[in-house]
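Undergrad: Got a structure for you, written out below as structure tokens; questions coming shortly.
The values are calculated or read from the model by the stated rules, or taken from the named source; none is laboratory data. Only a predicted model underlies this, so the values are computations on that prediction, with no experimental measurement involved. Every residue, glycine among them, receives a Cβ derived from its backbone with ideal geometry; neighbour counts consider all protein chains shown. For accessibility, only protein heavy atoms count, side chains too; no ligands or nucleic acids. Shrake-Rupley method; radii C 1.70, N 1.55, O 1.52, S 1.80 Å.
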Amino acid sequence: MATKLTFSDVYAVEIIDSDVILESDLTLAAECFVGNGSHDSGMNHFMVHTFQKSKSQPCLWSLAVYKFGNKDLQTCQMWVNKINDSLSKEVGRPKNLLVFVHPMSGKGNGRRIWETVAPIFSRAKINTKVIVTQRAGHAFDVMTSATNEELNSYDGVLAVGGDGFFNEILNGFLSSRHKAPFPPIPSDFLDALGNNSNPLVNDPNGADSEIHNNIESDPLLSSSAHNESGFSHLRTNDGSHIEDQQIENPLPNQRLRFGIIPAGSTDAIVICTTGARDPITSALHIILGKKLCLDVAQVVRWKTTSTSKIEPCVRYAASFAGYGFYGDVITESEKYRWMGPKRYDYAGTKVFLKHRSYEAEVGYLEVESEKDSSILDGSRMLSRVRSLKRKKSERNICQANCDVCNTKPVYSSTRSPPAISSPEARWLKSKGRFLSVGAAIMSNRNERAPDGLVADAHLSDGFLHLLLIKDCPHALYLWHLTQLARKGGNPLNFDFVEHHKTPAFTFTSIGKESIWNLDGELFQAHKLSAQVFRGLICLFASGPEV
């Protein structure tokens, strides 16, 4: 059967000394012999390593190898040299990688998963510096303390773990390097609406004052100067002015890419960026030098006591920020880590049965495309919510070579998204009791939600999807969750669900509080604001095929 191999799909070629293919991990092996009497014992061989897409799941890639033979050793060597010369001209393929391995990710398989894919990197002649983390925050500390010169010696940084571990590495990289003004604090949002009574002050009778007093203990504390309008000057998260230092490693840095070898409990980022939750597939995307820009949300927690200064704590999220149900589930699941991924099902059931709702006020920036369908009363935007509930056939799903993600320019990292600073910016608000507040930066497809939280969310369009689930009866909320868990479901088509596409939002809790879930990591915040930066980082990925 005729077979066509393209150099862009080949990742390694090598001379072999034996007629037998010894690699047990090769799922496809074909022999292509050249010359007469090719099966004689005096035959010399070389092997070409590539991959094959699954016929039923094109996003799933498996290893493939083709074995060629010729009696003349010099002929084999000539072919090897020619192929290696062509491979060296392939643009974007990494040569040196910094690898962080989380040994306890998922069911504690992080180290084993890396040992499974490490031979593929070795075969592709990629140098890897491997750091097996010893404690929580280890990868964050390494990334924060690394100089730009050190990081520039690598072509990429890999995370062998889950979404939370990638979040730790991402925050370590951006915390001292991302230079941009912070989003407006919630009080700025109220002033913009002409509301001077500020109803967002914490309930003095609330039982969670101890939580707010412990805000200082967060490892990612940062500071910023603010002008009279409440907006921060252009500073880095460590408080230094941009103009005081040379930007050695400006963002987005499309040369330094990030990669994820999935070893977590959910791995939503990998599923959304490669289409498959498979270590071999992810390793091949990395080795072949695929490139995909990814939106990142900057999340700022503000202090709330009247006597304290404003010293915001900054975090970054690449997939999701959730409050209420989402935060309660991950908080509860921490007690059952020994259960592995099943802990989310058990914790989710317990939290669902308690059916807790939280009072809060959420402000969000209206986007241009929604203005025609909005109404003047910002507290109830039901007509605009309805306009966002599109039929399944109208969904524009993000995939490889996505037109939506490729058509618009990437934001500069030294300023906020243009819509926030625009004089035409219009802030709206929603106040009430919510079972959950979620901000999806991508669709967040996973094994429990095959279409994700928002099926047509894009990876690099500069928007996040704000999901406000208002208090409702148990049965209706169960129906909503069932729609999330069903392929082809429509979880947003409910009266108690508000869906707003926006580049920024603010949040203030009132009374009893939950906790935020940022990419699987816990984050306490009474008053919070967030903005999304388009294409802030690049991943070794190409997007799902379908």
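Yes/no matrix, rows are residues, columns are (1) open to solvent by 10 Å² or more (accessible area, probe 1.4 Å); (2) under 16 Å from Pro279 (Cα atoms):
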{"residue": "Asp85", "(1), (2)": "yes, no"}
{"residue": "Pro94", "(1), (2)": "no, no"}
{"residue": "His102", "(1), (2)": "yes, yes"}
{"residue": "Gly106", "(1), (2)": "yes, yes"}
{"residue": "Asn109", "(1), (2)": "yes, yes"}
{"residue": "Pro119", "(1), (2)": "yes, yes"}
{"residue": "Ile126", "(1), (2)": "yes, no"}
{"residue": "Ile131", "(1), (2)": "yes, no"}
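Undergrad: Give the residue that is least open to solvent (accessible area, probe 1.4 Å), with candidates limited to residues of segment 25-53 that are at pLDDT 90 or above and farther than 16 Å from Ile15 by Cβ.
TA: Applying the filter and picking the extreme gives Thr50.
Undergrad: If a residue must be open to solvent by 30 Å² or more (accessible area, probe 1.4 Å), under 21 Å from Leu459 (Cα atoms) and touching a helix residue (DSSP H, G or I) at 6+ places or on another chain (Cβ under 8 Å), how many such residues does segment 477-519 contain?
TA: 2
Undergrad: Could I ask something else about it? Can you list the strands (runs of 3 or more DSSP E) found entirely within segment 437-536 that contain at least 3 residues being touching a Phe, Trp or Tyr at 6+ places or on another chain (Cβ under 8 Å) and in the same structural domain as Val299 (by TED's automatic domain parsing)?
TA: 464-470, 497-502, 504-510, 516-518
Undergrad: So, one more: Of everything in segment 485-497, what is in contact with a strand residue (DSSP E or B) (Cβ under 8 Å, 6 or more places away or on another chain) and at pLDDT below 95? Give them in sequence order.
TA: Ala485, Pro491, Leu492
Undergrad: Do any strands (runs of 3 or more DSSP E) entirely within segment 282-375 hold 3 or more residues that are at pLDDT 85 or above, open to solvent by less than 10 Å² (accessible area, probe 1.4 Å) and more than 22 Å from Gly172 (Cα to Cα), and if so, which?
TA: In segment 282-375, 358-365 are the strands (runs of 3 or more DSSP E) which contain 3 or more residues that are at pLDDT 85 or above, open to solvent by less than 10 Å² (accessible area, probe 1.4 Å) and more than 22 Å from Gly172 (Cα to Cα).
Undergrad: Name the one entry in Val80, Val99 that is under 18 Å from Phe540 (Cβ atoms) and of a type in the set (A, V, I, L, M).
TA: Exactly one of Val80, Val99 is under 18 Å from Phe540 (Cβ atoms) and of a type in the set (A, V, I, L, M), namely Val99.
Undergrad: Can you work out which of the residues in segment 133-171 that are over 25 Å from Glu90 (Cα atoms) and charged (D, E, K, R) is most open to solvent (accessible area, probe 1.4 Å)?
TA: Checked segment 133-171; the qualifying residue most open to solvent (accessible area, probe 1.4 Å) is Arg135.
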